[in-house]
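The values are calculated or read from the model by the stated rules, or taken from the named source; none is laboratory data. This one's a predicted model, so the numbers in the text were calculated from it and none came from an experiment. Quick reminder, even Gly has a Cβ in these numbers, built from the backbone with ideal geometry, and neighbours come from all protein chains shown.
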Amino acid sequence: MLWLCFIGLRIVPLVVLNLGAGQGQVADETLAAYEKEMAQHPQEALAIARRAVRTFGKEEKRLYVLAVQLQEKNLPFLGLGQVAELAEVEEKKLEDLPASNRIRVSWLQQRGLGLSTQEVRQLLGSPAHVSSQILYRRQIEQWSYDLPASLSLTFLWTKGQMPHLQTVHSPKH
């Protein structure tokens, strides 16, 4: 009987190890399914990554890196809120401030024309310097930012209209 108990003790750890290996395979398959879903729906990649992080906390950086890469490839198709979130994840979760600023500037150059001053502040924050002038019954306002590279934005409007972004100038882009 003692021998049977000894065999029983020997068998149990083997069964537990086999279950552990099976769970690891299931976890890898589930993680791969999340990654596949991100690839199929790149505009929702950050939302999918956040959902996956709840299950795979240890893989947080890997999931966010993939989501950021997929969304950067589809940058022109993202809205203002998505770009702000993407830049924030790049800056805070992945700790890459230059990449975060590059994303913001690139999106502004591709899709930012026509944005209001409030929308630009939402994306970039307050400018370092503002200059204004009135020319031919139009008001022109130039905002300068001192990101890793200088950035200059020009807003244009006439009396009774809301200011809108007219030009984006960045020496590096």
Unique match (being of a type in the set (A, V, I, L, M) and modelled with pLDDT of 95 or more) among V105, V130 = V130
message = Any residue at all in segment 110-119 that's closer than 23 Å to L153 by Cα, surrounded by 17 or more Cβ atoms within 10 Å (Cβ to Cβ) and out of contact with any helix residue (DSSP H, G or I) (no Cβ under 9 Å at 6 or more places or on another chain)?
response = yes
request  = Mind listing whichever residues of segment 119-173 are part of a loop (DSSP other than H, G, I, E, B) and farther than 19 Å from S100 by Cβ?
outcome  = Y136, R137, K159, G160, Q161, M162, P163
note = Of (1) surrounded by fewer than 13 Cβ atoms within 10 Å (Cβ to Cβ); (2) touching a helix residue (DSSP H, G or I) at 6+ places or on another chain (Cβ under 8 Å); (3) not basic (K, R), Q82 satisfies every one except (1)
ask   = Quick check: anything in segment 131-140 touching a Gly at 6+ places or on another chain (Cβ under 7 Å) and in contact (Cβ under 8 Å) with a residue 24 or more places away in the chain?
value = no
